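The values are calculated or read from the model by the stated rules, or taken from the named source; none is laboratory data. Since the model is a prediction, treat every value here as computed from it, not as a measurement. When we count neighbours, we look across all protein chains shown, and the Cβ atoms used for this are built from the backbone with ideal geometry, even at glycine.
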Amino acid sequence: MAMFRPIPCIGPRENRWCARAQELPPLLGHQARLVALALDLHSGAAHLLAWPPGRRRELIGVLLDAVGEPETPTDPEDRRRADWIRRTARQLRAARTEEPADTPTLRIEVAVADPGDPDGVEPRFLVDGRPLVPEAYAQGSGESPEQLLENGALRAGPEPREVRLAEAYCTEGCCGALGGDWEGAGSRRTSAHRTPPSSPSRACP
């Protein structure tokens, strides 16, 4: 199962931190970190903090402005990382312009982690713009795109069916999972619930 490296949530000192983001040297590692933080604000756990109206989007803009345009390195791995920075920053800038919908919505975005970190690709379920998995199940991350998308777990069908949306960072048998009743592609979730561990006595403390 693909997993993201945890990113520390932006806390009460985010104003000072973001204000100094422009002071960072334009190094690839710094730029990648800023984009990763902006991605977490957009669809990760940091989205769920108690932001004043408009502040979260404002911080995303500050971080992306500090990123600028990465140079094109000669090293293949660094070039792959620079491409990720450009692509993800472009997607986040486009997402900032979207207005909240008047009707309930479910959107699935596939978030790709910084190639400089352990590889990870994670589907993120946004219910009315809020990330479902970190809000309902902090013990794990979203199920792999291969399982949910390529294997047809979210394909439309005649009847609702149980779909595992996230698994604990350890294993489902240890600390459970997050499941939901899925009605089909494009529909809104009808429910989301935790699956208890199969061996509660062995669950992580």
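What to note about this one:
- Residue list for the stretch 78-106, filter: at pLDDT below 85 and touching a strand residue (DSSP E or B) at 6+ places or on another chain (Cβ under 8 Å): P104, T105, L106
- Residue list for the stretch 117-138, restricted to those being surrounded by fewer than 20 Cβ atoms within 10 Å (Cβ to Cβ) and either of a type outside the set (G, A, S) or in contact with a Gly (Cβ under 7 Å, 6 or more places away or on another chain) (or both): D117, P118, D119, V121, L126, V127, D128, R130, E135
- Only one of P52, P8 that is surrounded by fewer than 14 Cβ atoms within 10 Å (Cβ to Cβ), closer than 17 Å to A113 by Cβ and modelled with pLDDT under 90: P8
- Condition broken by E146, with the remaining ones in (1) among the acidic types (D, E); (2) part of a strand (DSSP E or B); (3) farther than 21 Å from A36 by Cβ; (4) at pLDDT 70 or above satisfied: (2)
- Of the residues examined, A168 is one that is more than 22 Å from A38 (Cα to Cα) and modelled with pLDDT under 80.
- Only one of the numbered conditions (1) farther than 24 Å from L49 by Cβ; (2) loosely packed, with under 14 Cβ neighbours inside 10 Å is not met by S144, and that is (2).
- Of the residues making up the stretch 175-185, at least one is within 22 Å of the chain's Cα centre (by Cα), assigned to a loop (DSSP other than H, G, I, E, B) and either under 30 Å from L49 (Cβ atoms) or at pLDDT 70 or above (or both).
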